[in-house]
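These notes are about the structure you will find just below.
The values are calculated or read from the model by the stated rules, or taken from the named source; none is laboratory data. Please read these numbers as outputs of a predicted model, since none were measured by experiment. Note: ideal-geometry Cβ built from the backbone for every residue, glycine included; neighbour counts use all protein chains shown.
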Amino acid sequence: MKLEKVNDNQIRCTLTKADLADRQLKISELAYGTEKAKTLFGT
């Protein structure tokens, strides 16, 4: 996983297929704010 600061209000998070597999996540789970996605971002 790669995190980059875009500006003072935004970050860019880049996940590879391997990152998703390691965390047992599907891309759709990130889009819909599942508990797994919230855990990934610490919210």
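Inside the range 4-38, can you point out the residues that are within 9 Å of the chain's Cα centre (by Cα) and among the hydroxyl-bearing types (Ser, Thr, Tyr)? Answer for the range 4-38, where residues must be within 9 Å of the chain's Cα centre (by Cα) and among the hydroxyl-bearing types (Ser, Thr, Tyr): just 14.
Residues in the chain that are aliphatic (A, V, I, L, M) and touching a Ser or Thr at 6+ places or on another chain (Cβ under 9 Å) were compared, and the one that is surrounded by the fewest Cβ atoms within 10 Å (Cβ to Cβ) is 3. No other residue among 40, 30, 3 is aliphatic (A, V, I, L, M) and modelled with pLDDT of 90 or more apart from 3.
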